[in-house]
Amino acid sequence: WAAWVIDLRVDPVSGRIEVTRLVVGQDTGMMVNPDGVRHQIHGNVIQTLSRSLMEKVAFDAAGVSSREWGAYPIIGFKALPEIEVLLMPRQDEPPMGAGESASVPGPAAIANALFDATGKRFYAAPFTPDAVRAVLGR
């Protein structure tokens, strides 16, 4: 189980989103290696922020045109927010894993933070600058 809390800023002119702080609470049941779980969650956060803020599958008349990994955008380390990971101490429970479960609440948490920042609802990721400007009517 996972939950996200996000602080972000939105530039209404450019549509650029800056995530300034992110807290992930994670319940994985018993943890053999808590540091490994934290590292896994950090990786999930990086991938989810990239997918939610930058990545968009492009289509042309033949179908998917986004086929080259070299052009696939991923958030850079300088743009990463402070990430705080809170692990539930449940060593008496069976292990549930920490794979991609930490990424599930990410896009919804970003959409809710965008609503708090702008007063407008965002219904579909990715929340690219073009998408933000469109929702804000710019």
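Structural remarks
- Rounded to the nearest Hz, the phi-derived 3J(HN,Hα) couplings of the stretch 133-138 under the Karplus curve 6.51 cos²θ - 1.76 cosθ + 1.60 (θ = phi - 60°) are 4, 5, 5, 7, x, 10, where x marks glycine and proline.
- Heavy-atom accessible area order for PHE127, PHE115, largest first, 1.4 Å probe: PHE115, PHE127
- Look at the dipole of the chain built from charges on Cβ: of LEU87, GLY137, PHE77, the Cα furthest out on the positive end belongs to GLY137.
- Label-point gap, in nm, between ARG121 and LYS56 - each point 7 angstrom along Cα→Cβ: 2.1
- For the stretch 71-118, the Kirkwood estimate of hydrodynamic radius, built from reciprocal distances between every pair of different alpha carbons, is 14.1 Å.
- Amide N of the stretch 6-33 lying under 17 Å from the label point, which is placed 7 angstrom from the Cα of GLU93 along Cα→Cβ: 24-33
- Charges were assigned to the Cβ only: +1 to each Lys and Arg, -1 to each Asp and Glu. The resulting dipole of the chain about its Cα centre is roughly 520 debye.
- Value in Å of the Kirkwood radius, where the chain supplies the Cα pairs that are averaged: 16.2
- Given their separation in residues at 0.36 nm each and the Cα-Cα distance between them, ILE74 and VAL104 gain 9.0 nm when the chain is fully extended.
The values are calculated or read from the model by the stated rules, or taken from the named source; none is laboratory data. Computed from a predicted model, the values in this text were never measured in an experiment. Every residue, glycine among them, receives a Cβ derived from its backbone with ideal geometry; neighbour counts consider all protein chains shown. All accessible areas refer to the heavy atoms of the entire protein, side chains included, with ligands and DNA or RNA removed. Shrake-Rupley method; radii C 1.70, N 1.55, O 1.52, S 1.80 Å.
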